[in-house]
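Chemist: Structure incoming, see below.
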Amino acid sequence: MMAEHTVRSPLPGVFYRSPSPAEPPFVEIGAPVTADQTIGLVEIMKQFAEVKAGADGSLTAFAVDNEAAVGPGDPIATIDAR
């Protein structure tokens, strides 16, 4: 049975799906992830915090767009946890 895990923003800021505009996203929807895998970054005042998947499984959706503003605890992505 799959359990749904919601990845939440660790702090307020801007969410980025890739390490820089010229690089591909950390992970695509449908891809397998591990709990400690980085799936995005949240930037606040030029400080970047990695957003980890938090569960092993597959990434099923992003709740926010790339470069969207997020608040602390806001849902960022959904993972079907194994």
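Computed from the coordinates by the stated procedures, all read-outs in this text should not be read as laboratory data. Nothing here was measured: the structure is a model prediction, and the numbers come from that model. Note: ideal-geometry Cβ built from the backbone for every residue, glycine included; neighbour counts use all protein chains shown.
Chemist: Give me the net charge for the shell around Val64: Cβ to Cβ below 10 angstrom, other residues only, Lys and Arg +1, Asp and Glu -1. Could you put the intermediate results ahead of the total?
Modeler: Details: positive: Arg17; negative: Asp65, Glu67, Asp74.
Around Val64, the surrounding residues sum to -2.
Chemist: Could you pull out every residue, at least 5 positions away or on a different chain, whose amide H is within less than 5 Å of the one on Ala68? Hs are placed 1.01 Å off N in the peptide plane, and Pro or chain starts have none.
Modeler: Distant-sequence amide H within range of Ala68: Phe15.
Chemist: Let me ask something additional. With no solvent and one point on each alpha carbon, what is the Debye value of log10 I(q)/I(0) for the chain at q = 0.11 Å⁻¹?
Modeler: Result of the Debye calculation: -0.24.
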